[in-house]
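Right, one structure below, let's go through it.
None of the figures in this text is laboratory data; all of them are computed from the coordinates on show. Here the structure is a predicted model, which is why all the values come from computation and not from measurement. Positions of Cβ are generated from backbone atoms using ideal geometry, with glycine treated the same way; all protein chains shown enter the neighbour counts.
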Amino acid sequence: DVGGGSTEITAFRDGNFRGISVPWGAVDATRALSSDPPTRESVAALRRRISREIAAELARHPEIRAALFENGKEARTNADEWQSPVLIGIGGTVRSVARVLQAHAEYPLPLLHGYGFRRRDLERLAKHVLTRPLKARRRIRGLSSDRAEIIPGGVLVLLTVWEALGAERLVVGERGLREGVLLASRCAEGKAGFAGRMRLFEASARRLRAVFPEGERTREARARAAAALLDALEGAGYGQLTAEERELVLWAACLRDVGRGIDSRSFLSHTLYLLLYGLLYGLTHRERVFFAAVASFSTRKATRKVVKPFAPLLSRDDRRRIVRLGTLLRLAELLGEGGGNIRVEVLPRGKKGATLVVSGMFRTPWLLHTQALEWTKKLGEALGVNLDLELGEVDGSFGRVHADI
């Protein structure tokens, strides 16, 4: 946390945290540079001075070095490779840097929380701001005029901290330590990795779901239907998902109609907006876009238009899976219409064919004979398989509906 008059470095390990404070912040460092723009000699001298002070503090607190090592060890890609630790940056200087980097990269999702950048990005920005006078800095895209005056010192301190800690990447946190302690104690229960992230996500998703509480029974039935479809398709070898993706799809089923709390006629566009920009913890920016696009899926054409601005965050495979899972969600919406617990099987049929056998409680089965057929065809197309649909009513009788592609 680079403040105005000091910088705090806090290390977290096994649920505990220790911190040090260095008496250099954006305001003090900018004043110490004396000239505007500063000379190369003054920049180099100040960086050496700050670096020495950070090293002296770290030497007095070996537990921080140990926490950095654990951070890097957890980030390694295999047993023999150690990665540099990842920093979490909070405070005005970090946010200002992130806004400038987003503006220059034309980043498609204007969220600071969870935005990550690398040291080389900061190095390029440092060269930019440390060689320009105040008047020119005020014209930098994404930089507020009140930050233009002190950004040279802020960038210099932040870059020096990165080098002293041996870090290469930083993720922005818009919340502070108080929010982190509260969320950890109430939601994460000390769990690390994916499990901890999902606990945080679920807690904030439930809060967002309260925007439209009236559809609780419908969303539960839709989620059950989606889970049954996923289980059956994965069991037959179609569309394998990671644990993270499966969790997001089931929550997409729960939150699909959250936009009805704003406008019931055009609720999907509001659902998209709420899931993109609402207060959701635990998701990366890529996961957030993926999740929002699946939850608000209407048609393949409309979704392609929706995700186009976010192309830098999504791979081609991501976009294909959004269509596949969004289509599955539309079918689950129909199959959960009656509110019962449906049962789904996938039976092989020929070389590239299969039959989707769905039985359970359908309050209005006549709706399914047209709409479910249409979405079964589209799901088969997304999966690359010819699908039949076989529906069973409450009494167990079946009616065969063909959906050959």
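Taking all pairs of distinct Cα atoms, average 1/r, flip it, and tell me the Kirkwood hydrodynamic radius of region 1-67 in Å to one decimal place.
Working: mean 1/r = 0.0766 Å⁻¹.
Value: 13.0 Å, from the Cα pair sum.
Just in region 148-234: which GluC sites (Glu not before Pro) are loop by DSSP and have at most 12 other Cβ atoms within 10 Å?
In loop regions of region 148-234 (DSSP not H, G, I, E or B), the sparsely surrounded GluC sites (Glu not before Pro) are GLU189.
Which is farthest toward the positive dipole end of region 79-156 among SER144, HIS113, GLY91, measuring Cα position about the Cα centre, with Cβ charges +1 (Lys, Arg) and -1 (Asp, Glu)?
Among SER144, HIS113, GLY91, the one farthest towards the positive end of the dipole of region 79-156 is SER144.
With springs only between Cα atoms under 10 Å, which of LEU101, LEU177, LEU268 fluctuates most in a Gaussian network model of the chain?
LEU177
Taking R0 as 60 Å, what FRET efficiency do you get between ASN341 and ARG18 from their Cβ-Cβ distance, rounded to the nearest 0.05? Mind dumping the intermediate values first?
Numbers: r = 50 Å, r/R0 = 0.84.
So the FRET efficiency works out to roughly 0.75.
Run the dipole for the chain about the Cα centre, Lys and Arg Cβ at +1, Asp and Glu Cβ at -1, nothing else charged, and hand back the magnitude in debye, nearest 20. Present the calculation step by step, with values, prior to reporting the outcome.
On the way: 65 positive and 47 negative charges, 281 e Å.
Charge dipole, the chain, about its Cα centre: 1340 debye, nearest 20.
Full-extension gain between GLU63 and SER266, please, as 0.36 nm times their residue separation minus the C-alpha to C-alpha distance. Intermediate results must be reported in sequence, preceding the final value.
On the way: separation 203, 0.36 × 203 = 73.08 nm, distance 5.37 nm.
Result: 67.7 nm gained on full extension.
Give, in nm to one decimal, the length gained when the segment between GLN240 and ALA203 is fully stretched (0.36 nm per residue of separation minus the Cα-Cα distance). Present the calculation step by step, with values, prior to reporting the outcome.
Details: separation 37, 0.36 × 37 = 13.32 nm, distance 2.62 nm.
Stretched fully, the GLN240-ALA203 segment lengthens by 10.7 nm.
If each DSSP helix of 4+ residues adds -39,500 (n - 2.57) and the sum is divided by the residues in the chain, what number results at 222 nm, nearest 500 deg cm²/dmol? Please report the intermediate quantities before stating the final value.
Numbers: 17 runs with 212 residues, N = 405.
The per-residue figure over the chain is -16500 deg cm²/dmol.
To check you understand DSSP bridge types, tell me what percent of the beta bridges within the chain (both residues inside) are antiparallel, rounded to 5.
70
Could you state the per residue volume, in Å³, of the convex hull enclosing the Cα atoms of region 258-346? Mind dumping the intermediate values first?
Numbers: hull volume 11.8 nm³, N = 89.
Spread over its residues, the Cα hull of region 258-346 gives 133 Å³ apiece.
Return the distance in nm (one decimal) between the two label points of a simple spin-label model at THR299 and GLU149, each offset 7 Å from Cα along Cα→Cβ.
5.5
Can you give the relative contact order of the chain as a percent, counting alpha carbon pairs under 8 Å and 6+ residues apart? Please list the in-between numbers first.
Details: 632 pairs, mean separation 49.3, N = 405.
RCO, the chain: 12 percent.
Could you list, in their original order, any pairs among LYS308/LYS377; LYS305/LYS378; LYS351/LYS377; LYS352/LYS378; LYS301/LYS352 whose Cα atoms are separated by more than 20 Å? Please list the in-between numbers first.
Values: LYS308/LYS377 25 Å; LYS305/LYS378 18 Å; LYS351/LYS377 17 Å; LYS352/LYS378 15 Å; LYS301/LYS352 25 Å.
Distance filter (> 20 Å) returns LYS308/LYS377; LYS301/LYS352.
Please find, in a Gaussian network model of the chain (springs between Cα atoms separated by less than 10 Å), the residue of ARG256, ARG47, ARG330 whose mean-square fluctuation is greatest.
ARG47
Give me a comma-separated list of calculated 3J(HN,Hα) values for region 227-235, in order, Karplus coefficients 6.51, -1.76, 1.60 applied at θ = phi - 60°, integers in Hz, x for any Gly or Pro.
5, 5, 5, 4, 4, 5, 5, 5, x
Given H placed 1.01 Å from N in the peptide plane, which residues other than close sequence neighbours of ARG343 have an amide H under 5 Å from its amide H?
Here the answer is SER359, GLY360, since their amide H atoms fall under 5 Å of that of ARG343.
Which log10 I(q)/I(0) values, to two decimals, does region 20-59 give at q = 0.22 Å⁻¹ under the Debye formula with one point per Cα?
-0.70
Under 10 Å, Cα contacts only: if you run a Gaussian network model on the chain, which one of ALA136, ALA293, ALA205 comes out with the highest mean-square fluctuation?
ALA136
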